[in-house]
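Structure record follows, encoded as structure tokens.
The values are calculated or read from the model by the stated rules, or taken from the named source; none is laboratory data. The model shown is predicted, which means the values in this text are computed figures rather than measured ones. Using ideal geometry, Cβ is built from the backbone for each residue, glycine included, and neighbour counts are taken over all protein chains shown. Just the protein is used for accessible areas: all its heavy atoms, side chains included, with ligands, DNA and RNA removed. Shrake-Rupley method; radii C 1.70, N 1.55, O 1.52, S 1.80 Å.
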Amino acid sequence: MHKETYSFFVIAAVIAAELDKATKIAKKLSITASNARAVALRAGEGAAGFRPLTDFIDKLATVTVHSSTEINTLAADLSRTAANKFRTDNAINKFEAVYKRAEGSHFIDSLNFGYDRTKGCQYLLYTNYQKQLSKLTTELETLKDELRTAVILATLSRVEASQAGLLYQESLNNVANNVESAASAIKDHISTSQHLVSNLQQEA
Amino acid sequence: MKSYTIFENPSHKWIVLGRDVDKPDNIIDTNQYVVITKKNTLLMDPGGIELFSAMLANVIKLVPVEQITHLFASHQDPDIISSLGLWDQALQNATLHSPWLWEGFIRHFGMEHISYSAIPDEGSDLKLDGVNLEFFPAHYLHSSGNFNVYDREAKILMSGDIGAALESADAPMFVEDFDSHIEKMKMFHQRWMPSNEAKNDWVNRARALDIEMMCPQHGRIFKGDDVKRFLDWFEALPVGILHTK
């Protein structure tokens with residue numbers, strides 16, 4: 001089945017899974033930052049311009065891990081709310097079937113308490129769902145913006161790598177490539193998530 | 001869904017709901033039993049999600065929702081209690097009585113408002129407005145944690161899967177010819193019941209009860225001498241048998 005034909009609570013779970021993948025890649029970016037620092041130290045004066053960049057790579061990795069972990073939690077919460085909303089919507093449908101089936105029954109009004117309570121619960125879940133969806137949209141956009149610096153960092157890293165001696169050039173270029181490919185992979189997961197979120201916004 | 005009153009006296013009545021012609025295909029037909037006392041109502045094995053609307057629509061023809069105060073699940077199967085999450089939304093102040101063994105499992109059906117009363121292995125009593133109902137152990141028949149409900153005053157044993165038969169939704173509510181009914185029960189008991197020892201222990205304890213009606217969760221109700229016929233037949237039946245085609 002294609003993702004877009006899933007129910008909304010499944011889409012929310014798929015978003016959580018996408019962000020989980022992004023978090024794992026962001027953690028790898030952290031390792032890249034540590035490696036970059038080690039290579040820069042070994043390269044000595046030849047990579048003097050590269051060293052400050054490793055701090056930026058490290059910072060980017062930290063921010064990305066933090067943001068993607070938070071967004072992952074947010075998506076997991078959204079998935080839980082969506083599943084509860086589905087369960088509550090289902091209960092409302094069943095109650096409405098009872099009102100039809102037992103129309104005119106002496107005790108039919110006694111169902112009102114359960115129906116009203118479930119309706120109240122449905123309203124709370126709906127508003128919570130909207131809030132979570134809106135927050136998720138903002139956070140995804142913010143993370144995507146943060147990742148734009150990765151392209152600049154990769155370019156600067158390449159420039160600095162070309163200044164280093166031949167012995168370290170390849171290692172430093174690898175660092176630049178890793179930063180670029182990690183950022184690109186995370187961006188892909190974010191774009192997929194954003195597409196799924198826009199599906200949810202249309203359904204809501 | 002049809003509704004029959006099978007017992008009534010000044011203190012309480014027993015009603016069976018079942019033979020739901022509107023139920024979706026490919027789900028097993030079930031009997032749901034209801035005991036109504038002065039201020040309380042007990043629903044026994046209230047059934048699956050698919051049955052919920054029909055079941056609630058029928059029950060509120062009998063009592064207001066706030067009077068549905070107790071649920072009983074003989075064991076953890078979906079045809080017994082998968083509707084729990086919906087009852088949980090509908091009821092105001094209810095208790096579910098079920099084997100202690102299944103509490104952690106049954107809660108997976110969704111239970112935020114209803115409270116769980118765990119029945120110990122040896123069984124226990126439930127008193128509703130002076131009417132005493134006994135949770136009668138029936139472990140391994142078929143579930144490893146399993147109870148029947150016995151009403152000494154009405155002489156009714158709600159026997160869960162014991163005495164169950166697989167037949168169509170338009171079958172009569174009572175056994176009319178025991179011998180011809182055997183074929184509808186045999187495979188069910190041999191395949192679903194795993195233990196001869198547990199079966200014979202239950203038969204011996206059930207023989208000590210005064211039973212006028214034995215009410216299974218699937219199939220037909222046994223009355224009078226057919227109860228004794230069933231106990232004799234069940235005692236002689238080897239169970240835990242895999243039928244191969």
*Once fully extended, how much extra length lies between B:ARG107 and B:ARG152, figured as 0.36 nm per residue of separation less the alpha-carbon to alpha-carbon distance?*
13.2 nm
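Which value, in debye to the nearest 20, describes the size of the charge dipole of region B:2-236 about its Cα centre when Lys and Arg Cβ atoms bear +1, Asp and Glu Cβ atoms bear -1, and nothing else is charged?
Working: 21 positive and 35 negative charges, 71 e Å.
Rounded to the nearest 20 debye, it is 340 debye.
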*What does the accessible area of B:GLU103 come to, in Å² to the nearest 10, when a probe of 1.4 Å is used?*
60
*asked:* Run the simple label-point estimate for B:ILE182 and A:ASP109 please: 7 Å along Cα→C-beta, distance reported in nm.
replied: 5.6
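Does region A:3-203 come out rounded, prolate or oblate by the C-alpha gyration tensor, with a ≥ b ≥ c the root eigenvalues, rounded set by a/c under 1.5 and, if not, prolate when a/b is larger than b/c and oblate if not? Intermediate results must be reported in sequence, preceding the final value.
Numbers: a/c = 5.01, a/b = 4.35, b/c = 1.15.
Prolate.
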*Could you work out which residue, out of B:LEU126, B:LEU157, B:LEU51, moves most in a Gaussian network model of chain B, that is, has the largest mean-square fluctuation with Cα springs under 10 Å?*
B:LEU126
*If you average over every viewing direction, what projected area does the convex hull of the Cα atoms of the protein assembly as shown give, in nm²?*
28.7
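In debye to the nearest 20, how big a dipole does the protein assembly as shown give about its Cα centre with +1 on each Lys and Arg Cβ and -1 on each Asp and Glu Cβ?
On the way: 45 positive and 57 negative charges, 229 e Å.
Dipole of the protein assembly as shown, to the nearest 20 debye: 1100 debye.
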*asked:* Springs between alpha-carbon pairs under 10 angstrom, Gaussian network model over chain A: which of A:ASN90, A:ASN173, A:ASN35 fluctuates most?
replied: A:ASN90
*Calculated FRET efficiency, A:VAL63 and A:GLU96, Cβ-Cβ r, R0 56 Å, to nearest 0.05?*
0.70
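Given R₀ = 41 Å, what would the calculated FRET efficiency be for A:THR149 paired with A:LEU124, taking r from the Cβ atoms and rounding to 0.05?
Plugging the Cβ-Cβ distance into 1/(1 + (r/R0)^6) gives 0.55.
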_Nearest 5 percent is fine: what portion of the DSSP beta bridges confined to the protein assembly as shown is antiparallel?_
65
_Length added when fully stretched, B:LEU166-B:ALA208, from 0.36 nm per residue minus Cα-Cα_ = 12.4 nm
*If you find the alpha carbon centre of region A:59-88 and of region B:219-245, how far apart are they in angstrom?*
55
_Principal-axis tilt of helix B:178-192 within chain B, Cα atoms, nearest 10 degrees_ = 80
*Counting helices only, and only those DSSP H runs with n ≥ 4, report the 222 nm mean residue ellipticity of chain A as the sum of -39,500 (n - 2.57) divided by its residues, in deg cm²/dmol to the nearest 500.*
-32500 deg cm²/dmol
*Mean-position separation - Cα centroids, region A:110-167 and region B:87-131, in angstrom*: 41
*asked:* Under the √(5λ) rule applied to the eigenvalues of the Cα gyration tensor, what semi-axes describe the equivalent ellipsoid of region B:2-236? Give them in Å, descending.
replied: 25, 19, 18
*Among B:LEU101, B:ALA165, B:LEU17, whose Cα sits farthest toward the positive end of the charge dipole of region B:2-236 (+1 at Cβ of Lys/Arg, -1 at Cβ of Asp/Glu, about the Cα centre)?*
B:LEU17
*asked:* Below 20 Å, Cα to Cα, which aspartates and glutamates can A:LYS135 reach? Residues fewer than 8 away in the same chain don't count.
replied: A:GLU18, A:ASP20, A:GLU70, A:ASP77, A:ASP145, A:GLU146, A:ASP188, A:GLU203
*On a 0 to 90 degree scale, rounded to 10, what angle separates helix A:166-203 from the longest Cα axis of chain A?*
10
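Report for chain B the percent antiparallel among DSSP-assigned beta bridges with both residues inside it, nearest 5.
65
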*Taking +1 at the Cβ of each Lys and Arg and -1 at the Cβ of each Asp and Glu, which of A:LEU53, A:LEU147, A:THR88 sits farthest along the dipole of region A:51-204 towards its positive end, judged by Cα position relative to the Cα centre?*
A:THR88
*What whole number of Å gives the distance from the Cα centroid of region B:132-206 to the Cα centroid of region B:29-67?*
21
